[in-house]
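Below you'll find the structure, written out as structure tokens, and then a few comments.
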Amino acid sequence: MKERLLNTIEQLVGRRAMWRLGRALYSHAKADFSNNYQTNGERFIQQQVLNLAGSSRDKIVIFDVGANVGEWTTSLLDLALAQQCSNIEVHAFEPIPATFELLSHSISKHQLGGQVKLIQAALSSEDGPSKMYTFSNTGGTNSLHFEPMLEDRKVNTVLVEKMTALRYCDQEGIDRVDLFKCDAEGHDAEVLFGAGGLLKQERVTVFQFEYNHRWVFARHFLKDIFDFSRNLPYVLGKITPTHIELYDEWHPELEKYFEGNYVLIHRNFIDSFTHKNGKFDARNTYA
């Protein structure tokens, strides 16, 4: 009966329309929302971190890894200004020279721009130079990993400097990071591994990272993060516009490479964030 119904729908609307509708429905059910920091829940995380840190500590330390031209950081500064969080300290990392110039100009115009330290480097799992593939000065797809799907576009390369988050924090005397946001276009797992010492020492409250199809070119899985964090005092979840969806363990349904932002939250602070718990059932459905 189900097959007959689906075949009838395909005949009426065509496979392409059916595919697009099915993907849209599936993405919505999985809480995979469009990559817009204003609406996909990232701004919600910024707000909740400021609320938590602002009420408990003298200084709020936030990392923006893969800062690009500074839109995410500017959004954060706007929230901090509205909440009168003058004790905010942002470390924004952008390795590409031309993009770094645009970032510097953008941040310099903000009222709280003086509280942002700009670092022209890429965070990773190791120190040293590396080739980065660039498509434009403002390109959100510039990456340390080449994406064959974009080979029809003009591709340039630039030599960038890599360092680990642990090394950077130790040399800068940073004891704790309240929010560590990572948008490294497929290199996110390597950034996390380079920050592993910080998580083991419980020096990070929230580690946010982007997950998408570019992880394929970096040869990583979301399962790698579940395995990495298994013995750490952190809970893994996905960011949605209204809450964090928590997972007790990895499930194949999560490994679809659809665009999404995930977080590792120290378990002592999980109740400070709006969240929901659930499990996958025998039909591979999360509820």
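Considering only the range 22-43, state which residues are touching a helix residue (DSSP H, G or I) at 6+ places or on another chain (Cβ under 8 Å) and farther than 23 Å from H243 by Cβ.
none
Does the range 11-43 hold any residues that are within 27 Å of the chain's Cα centre (by Cα) and free of Cβ contacts under 8 Å to residues at least 12 places away in the same chain, and which are they?
Let us first name the residues in the range 11-43 that are within 27 Å of the chain's Cα centre (by Cα), namely 20-43.
Across the range 11-43, the qualifying residues are R20, L21, G22, R23, A24, L25, Y26, H28, A29, N36.
Could you go through the range 132-154 and let me know if any residue there is assigned to a strand (DSSP E or B), at pLDDT 95 or above and under 17 Å from the mean Cα position of the chain (by Cα).
Looking only at the range 132-154, we keep the residues that are assigned to a strand (DSSP E or B), and these are 132-134, 143.
The next check asks that each one be at pLDDT 95 or above; those that pass are none.
Checked against the condition, which is being assigned to a strand (DSSP E or B), at pLDDT 95 or above and under 17 Å from the mean Cα position of the chain (by Cα), the range 132-154 yields no hits at all.
Out of all the residues in the range 215-229, which are over 14 Å from A184 (Cα atoms) and either surrounded by 17 or more Cβ atoms within 10 Å (Cβ to Cβ) or not basic (K, R) (or both)?
F221, L222, D224, I225, F226, D227, F228, S229
Filter the range 262-277 for residues that are outside any strand (DSSP E or B), touching a residue at least 12 places away in the same chain (Cβ under 8 Å) and charged (D, E, K, R) and give the result. Explain how you work it out, then say what you get.
Of all residues in the range 262-277, those outside any strand (DSSP E or B) come to 267-274.
Checking which are touching a residue at least 12 places away in the same chain (Cβ under 8 Å) leaves us with 267-270, 272-274.
Across the range 262-277, the qualifying residue is only R267.
Filtering the range 167-186 down to residues that are in a strand (DSSP E or B) and within 10 Å of the chain's Cα centre (by Cα), which residue is nearest to T134 (Cα to Cα)? Lay out the reasoning, then the answer.
As a first pass, look at the range 167-186 and keep what is in a strand (DSSP E or B): 177-182.
Within this subset, residues satisfying the condition of being within 10 Å of the chain's Cα centre (by Cα) are 180-182.
On the way: F180: 24, K181: 21, C182: 18 Å.
The qualifying residue nearest to T134 (Cα to Cα) is C182.
Within the range 17-31, track down each residue that is part of a loop (DSSP other than H, G, I, E, B) and at pLDDT 85 or above. Let's see the steps before the verdict.
At the first step, the residues of the range 17-31 found to be part of a loop (DSSP other than H, G, I, E, B) are 30-31.
If the condition is that a residue be part of a loop (DSSP other than H, G, I, E, B) and at pLDDT 85 or above, then K30 is the only one that fits.
What is the number of the single condition among (1) modelled with pLDDT of 95 or more; (2) surrounded by fewer than 22 Cβ atoms within 10 Å (Cβ to Cβ) that P241 does not meet?
In the conditions (1) modelled with pLDDT of 95 or more; (2) surrounded by fewer than 22 Cβ atoms within 10 Å (Cβ to Cβ), P241 misses (1) alone.
The values are calculated or read from the model by the stated rules, or taken from the named source; none is laboratory data. Here the structure is a predicted model, which means the values were calculated and not measured. Glycine also receives a Cβ, built like all others from the backbone with ideal geometry; neighbour counts cover every protein chain displayed.
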